[in-house]
Amino acid sequence: MNFTPTEDQLAVQKTAREFAQQEVLPKAAEIDREHRHPAELVKRMAELGFLGMAIPESYGGAGLDHVSYAIAMEEISRACASTGVIMSVNNSLVCDPIYRFGTDAQKQEWLTPLASGKLLGCFALSEPEAGSDAAAQKTTAERDPSGDGWVINGTKNWITNGPVADVCVLFTMNDKAAGHKGITAFILPMDTKGVRCGPPDDKLGIRGSKSSQIYLDDVRLPAGLVLGEVGGGFKVAMSTLDGGRIGIAAQAIGIARAALEDALAYAQQRRTMGKAIVQHQAIAFKLADMATEIDAARLLCLRAAYLKDAKQPYGREAAMAKLFASDVANRAAREAIQIFGGNGYVTEYPVERHFRDAKITEIYEGTSEIQRLVIAGYLAKGG
Ligand code: CAA
């Protein structure tokens, strides 16, 4: 692994940092307070090439690598975790599987507008009774008796970007008896008849990220919208989530950095007992621990991204990165509130938002318990 960023990676970091600081950060508190989807920031991310970063330019992407993607995700999430997850879902969970499993015709029709940000995507795997147990899909896909297509029925849960998405990577069960080998993925245009979103979820954090249930009532899709093989959907989902976990690790690092940077600035100006609180070891040691853990999390995240770029196995490394980074984000946000004291507990200061935003990184794209299962699985196989 190379510890020296390339010129392209440094340029991405500079662009992302300037955009995040100048355009995203000033709006982050309002986006959270108003539970507002930041459409204007999504448009700007499209202009900057941040919605299909690792997709080749020939399919509308920026033609960059996954290390650059992780770098940009951290910068944007440092300013606003809601904006970060909108970006992460489109890159990791929508563009990536269509790029890896789509036919050329599907890529021309769907990937190109998604990667260039003309369309926004969502990823519908979870269901009311299939969260961690992703193979327990109840949404059915049956052959359409009136043609060569499919008829889909079911309900999807907590679908990030759902209410604002144009396209969905959808998972269904087409052969229950076959278990996970009976799961099939589809590219679902969200304006298809029979598709309806429920009211946006009222969430603890990442309140600018719209998520909801998606109801599928006799949704008819042509065979040309099957993504990958019929019965191959579980592998589409699992391999996609491997990449997604790099994005969420980077999001968590961004949130942790926000907590550290805000706490450091506060500790330098807040005075008790005749000196700035940063001069009390009790506070300085917290900051030192936060900084150390953030660097360790970033190294894990970049290692996973680097392996993905090198086309080497990276599922174990992505799970470790997400597990560790999400833990670091929660600890950093908790310590930041402690450093702010009473001011940390009120919405006038940003750290209570970091605390609320951090929690989801331990839940979505596989809970911390699932990451441990995945890592333990590799250990059991000698990896
Ligand atoms: N890549 C490719 N194939 C994989 C794989 C991977 N990473 N992991 C497993 N598989 C394959 C296995 O090889 C196996 O295939 P074979 O039968 O051909 O050998 C098959 O999948 C089944 O594997 P398991 O027996 O390990 O599967 P399982 O049913 O026990 O489940 C699990 C494993 C890790 C618990 C999985 O269910 C899981 O990851 N759960 C968490 C789901 C999740 O992360 N959901 C997130 C929802 S999306 C989201 O959160 C987005 C958002 O809001 C932002």
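Across the stretch 174-212, what is the number of residues that are within 24 Å of Arg33 (Cβ to Cβ) and either touching a Leu at 6+ places or on another chain (Cβ under 8 Å) or part of a strand (DSSP E or B) (or both)? Before the answer, list the steps.
Narrowing the stretch 174-212 to residues within 24 Å of Arg33 (Cβ to Cβ): 197-212.
Subsequent filtering for residues that are either touching a Leu at 6+ places or on another chain (Cβ under 8 Å) or part of a strand (DSSP E or B) (or both) retains 197, 211-212.
The number of residues fulfilling the criteria is 3.
Quick grid of which residues meet (1) farther than 25 Å from Gly84 by Cα; (2) within 11 Å of the ligand (Cβ to nearest atom); (3) under 23 Å from the mean Cα position of the chain (by Cα):
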site: Leu225; (1), (2), (3): yes, no, no
site: Gly228; (1), (2), (3): yes, no, yes
site: Ala252; (1), (2), (3): no, no, yes
site: Arg270; (1), (2), (3): yes, no, no
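Hey, can you tell me all the residues within the stretch 73-118 that are charged (D, E, K, R) and within 15 Å of the ligand (Cβ to nearest atom)? Even if it seems obvious, please write down each step before you answer.
The first filter runs over the stretch 73-118 and keeps only residues charged (D, E, K, R), leaving 74-75, 78, 96, 100, 104, 107, 109, 118.
Of everything in the stretch 73-118, those that are charged (D, E, K, R) and within 15 Å of the ligand (Cβ to nearest atom) turn out to be Asp96, Arg100.
So which of Ile360, Ile283, Ile370 is crowded, with 19+ Cβ neighbours inside 10 Å, among the aliphatic types (A, V, I, L, M), more than 16 Å from the ligand (Cβ to nearest atom) and outside the structural domain of Gly131 (by TED's automatic domain parsing)? Break it down stepwise before answering.
Numbers: Ile360 fails: more than 16 Å from the ligand (Cβ to nearest atom); Ile370 fails: more than 16 Å from the ligand (Cβ to nearest atom).
Exactly one of Ile360, Ile283, Ile370 is crowded, with 19+ Cβ neighbours inside 10 Å, among the aliphatic types (A, V, I, L, M), more than 16 Å from the ligand (Cβ to nearest atom) and outside the structural domain of Gly131 (by TED's automatic domain parsing), namely Ile283.
So, in the stretch 142-167, of the ones that are free of Cβ contacts under 8 Å to residues at least 60 places away in the same chain and buried (at least 22 other Cβ atoms within 10 Å of the Cβ), which residue ends up farthest from the ligand (Cβ to nearest atom)?
Ranking the qualifying residues of the stretch 142-167, first place goes to Ala165.
Within the stretch 340-354, is even one residue without any contact (Cβ under 8 Å) to a residue 24 or more places away in the chain, surrounded by fewer than 21 Cβ atoms within 10 Å (Cβ to Cβ) and outside any helix (DSSP H, G or I)?
Scanning the stretch 340-354 turns up at least one residue that is without any contact (Cβ under 8 Å) to a residue 24 or more places away in the chain, surrounded by fewer than 21 Cβ atoms within 10 Å (Cβ to Cβ) and outside any helix (DSSP H, G or I).
If we scan the stretch 359-375, do we find a residue that is modelled with pLDDT of 95 or more and under 30 Å from Arg271 (Cβ atoms)? So that I can check it myself, show each step before the final result.
At the first step, the residues of the stretch 359-375 found to be modelled with pLDDT of 95 or more are 359-375.
Remaining after also requiring under 30 Å from Arg271 (Cβ atoms): none.
Within the stretch 359-375 (the criterion being modelled with pLDDT of 95 or more and under 30 Å from Arg271 (Cβ atoms)), the answer is no, since none of the residues qualifies.
Being at pLDDT 95 or above and within 13 Å of Ala336 (Cβ to Cβ) narrows it down to one residue among Glu317, Glu293; which is it? Walk me through how you get there before you give the answer.
On the way: Glu317 fails: within 13 Å of Ala336 (Cβ to Cβ).
Only one candidate qualifies: Glu293.
Check off (1) under 30 Å from Glu57 (Cβ atoms); (2) not assigned by TED's automatic domain parsing to the domain that holds Ser58 for Pro113 and give me the number that stays unchecked.
Of the numbered conditions (1) under 30 Å from Glu57 (Cβ atoms); (2) not assigned by TED's automatic domain parsing to the domain that holds Ser58, the odd one out for Pro113 is (2).
If you go through the stretch 16-34 one residue at a time, do you hit one that is in a loop (DSSP other than H, G, I, E, B) and surrounded by fewer than 19 Cβ atoms within 10 Å (Cβ to Cβ)?
Within the stretch 16-34, the subset in a loop (DSSP other than H, G, I, E, B) is none.
No, the stretch 16-34 contains no residue that is in a loop (DSSP other than H, G, I, E, B) and surrounded by fewer than 19 Cβ atoms within 10 Å (Cβ to Cβ).
The values are calculated or read from the model by the stated rules, or taken from the named source; none is laboratory data. This is a predicted model, so every value here is computed, not measured. Quick reminder, even Gly has a Cβ in these numbers, built from the backbone with ideal geometry, and neighbours come from all protein chains shown.
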